[in-house]
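Accompanying notes for the structure given below.
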Amino acid sequence: MMLKTGAIWLAKRNSQRLKRWINDPLSLQKEQFGRLIEMGRKTRFGREHGFDEIHSHADFAQKVPIRDYEEIKPYIDLIIQGESDVLWPGRPKYFAKTSGTTSGAKFIPVTPESMPNQVDGARLSLLNYIHQTGNTRFIKGKYIFISGSPVLENTGGIPSGRLSGIAHRNLPFYLRHKRLPSFKTNATEPWERKLDLIIQETLSEKMSLISGIPPWLIMYFERLLEKTGKSSVRQVFPQFDLMVHGGVNFSQYRKKVFSLIGHNIDDLETFPASEGFFAFQDRFPSEGMLLIPDGGIFYEFVPAERFYDKNPPRLSLAEVEAGPNYALVLSTNAGLWSYSIGDTVRFVSTFPHRLVVSGRLS
């Protein structure tokens, strides 16, 4: 009861922050830009790119070219070698390790300033869901976050691993006793063995919230039905009340996922990545996710068809329109500067700025 009462109070309190996202996102983005440039001036990257002479987005676009991981990797290597104040003042708290292409593994910095964005994005999405729907039933049961291994390694003196493993260590204390699977199960390899152990741990529990990327949810649901002989996930978990998903466009998975569940339940779409938590669904039902304009990220949007031009247009949030596909470019308080994550987005509305993930650049 205390958890439910506290959640309702927090949901109402945080609704004021979301109202400003809707009504005043341009001022919030301007504030983020100013803070980022101020901190960036204290870094090696900032000195090399003339941050002392940056006073506007136009200045920034002129001095700081768009880059991908291959182009920022030399700075990451300096951090791994032990240098401080390279991309952001100090040293990262973690590296989020992701699969790379030509460079092998990618090490995305996570700083003490950027970590709250990851945690708050997930927390605020659930609190807003409560505020908008009045549904608190999922609070009573257990939650499962189907994710990668939480095991962290040491990379240049900095803990590194999957973002899910980093988030595992930063989950709010009031959710830890409800979270499944256990650390030991979550760290199990290979995936097929891990999936069996997850089912063993969850099968007898009153699961009320299930979260993960849609392909992993499908594998979990299919194995669950195979093990139990049931015809739907809701028969296995009658209290399953809310599904949280992200990472890919859900539209291509929706029919399959809900056929396995047995009937429609509430679902909450989010847009997280190793580089930050960018948006979440704020209305139920609705098309699109509300962009987070005050999470330590300055966004630029490049018309997707012009991304590979020599000098493509780089639009701020003030300049985007509903309809076109844009390549998403980020500058963050983790020390990523004009960084392309490879995703494309499409705004379904402006004021409020709601978007969908529309694909990849390649």
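Here are a few things to note about the model shown:
- For the range 69-95, the residues whose backbone nitrogen is under 11 Å from a point 7 Å from the Cα of Arg44, taken along Cα to Cβ, are 74-88.
- If you take all other residues with their beta carbon under 14 Å from the beta carbon of Lys184, and give Lys and Arg +1 and Asp and Glu -1, the sum is 0.
- Cβ-defined net charge surrounding Val320, 13 Å radius [Lys, Arg +1; Asp, Glu -1]: 0
- Net charge dipole size for the range 30-163 [Lys, Arg +1 and Asp, Glu -1 on Cβ; Debye, nearest 20]: 720 debye
- Here the Karplus curve 6.51 cos²θ - 1.76 cosθ + 1.60, taken at θ = phi - 60°, turns the phi angles of the range 38-52 into couplings of 4, 6, x, 5, 8, 10, 4, 4, x, 5, 6, 10, x, 4, 4 Hz, with x standing for Gly and Pro.
- With semi-axes defined as the square roots of five times the eigenvalues of the C-alpha gyration tensor, the equivalent ellipsoid of the chain measures 35, 24, 19 Å, largest first.
- Placing +1 on the Cβ of every Lys and Arg and -1 on the Cβ of every Asp and Glu, with nothing else charged, gives the range 262-321 a dipole about its Cα centre of roughly 220 debye.
- Between the amide H of Lys42 and any residue lying 5 or more places away or on another chain, no distance stays under 5 Å, with hydrogens modeled in the peptide plane.
- When His353, His131 are compared by accessible area at a 1.4 angstrom probe, the order from most to least is His131, His353.
- Separation between Cα centres of the range 95-161 and the range 332-362, rounded to whole Å: 18 Å
- The chain: calculated mean residue ellipticity at 222 nm from DSSP helix runs of at least 4, using -39500 (n - 2.57): -11000 deg cm²/dmol
- Cβ-defined net charge surrounding Val329, 12 Å radius [Lys, Arg +1; Asp, Glu -1]: -2
- Evaluating 6.51 cos²θ - 1.76 cosθ + 1.60 at θ = phi - 60° for every residue in the range 218-230, the Karplus couplings come out as 4, 4, 5, 4, 5, 5, 4, 5, 4, 6, 9, x, 6 Hz, glycine and proline recorded as x.
- Dipole magnitude for the chain: computed about the Cα centre from +1 point charges on Lys and Arg Cβ and -1 point charges on Asp and Glu Cβ, it is near 1360 debye.
- Rounded to the nearest Hz, the phi-derived 3J(HN,Hα) couplings of the range 84-96 under the Karplus curve 6.51 cos²θ - 1.76 cosθ + 1.60 (θ = phi - 60°) are 10, 6, 8, 9, 8, x, x, 10, x, 7, 9, 10, 7, where x marks glycine and proline.
- Value of Rg/Rh across the range 313-362 [Cα atoms, Kirkwood radius]: 0.97
The values are calculated or read from the model by the stated rules, or taken from the named source; none is laboratory data. Since the structure is predicted, the reported quantities are computational estimates derived from the model, not experimental observations. Because the Cβ atoms are built from the backbone with ideal geometry, glycine has one as well, and the counts that use them run over all protein chains shown. Heads up: the accessible areas ignore ligands, DNA and RNA and are worked out on the full protein's heavy atoms, side chains in. Shrake-Rupley method; radii C 1.70, N 1.55, O 1.52, S 1.80 Å.
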